[in-house]
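Enquirer: First the structure, which I've put down as C-alpha cells, then a few questions once you've had a look.
The values are calculated or read from the model by the stated rules, or taken from the named source; none is laboratory data. Note that the structure is predicted; figures quoted are calculated from it, not measured. Cβ: placed from backbone, ideal geometry, glycine included. Neighbour counts: every protein chain shown.
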Amino acid sequence: MQTLTINQILENISSLPVEDQFFIADIINNRLKELRREQIALRAKEAQENYKNGNFTSGNVNDLMRAIDDD
C-alpha cells in the first residue's frame, strides 16, 4: 500500500475541478463535525458516570481555579 503525504493529497485535490474540490471540502467538514459530536457524546457519558459514582467536586470559580493550580 502506497502512503501519500498530505502535500501529495492536496496537490491531487487541486488538480480536480472546483466543484469536486468543494465536494471534498464538504465531506471532510461533515466528517469532522460528526467526529466532534462523537467526542462530545463520549465526554458527556464519562461525566454522567463520574456524577453517578460521586467522582466530582462542587464549588465556585475560585474553588475551581485553586483545584487547577493544585494539579
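Enquirer: Could you grab the pairs with beta carbons closer than 6 Å, sequence gap of 6+ or different chains, first residue in the range 3-31 and at negative phi, second one in a loop (DSSP other than H, G, I, E, B) and at pLDDT 95 or above?
Expert: none
Enquirer: Now a separate question. Determine, yes or no, whether Gln39 is over 22 Å from the mean Cα position of the chain (by Cα), at pLDDT 95 or above and not hydroxyl-bearing (Ser, Thr, Tyr).
Expert: When the stated conditions are applied, Gln39 does not pass them.
Enquirer: Still on this model: Quick check: is even one residue across the range 54-69 acidic (Asp, Glu) and either over 30 Å from Ile13 (Cα atoms) or not in a helix (DSSP H, G or I) (or both)?
Expert: Taking every residue of the range 54-69 in turn, at least one turns out to be acidic (Asp, Glu) and either over 30 Å from Ile13 (Cα atoms) or not in a helix (DSSP H, G or I) (or both).
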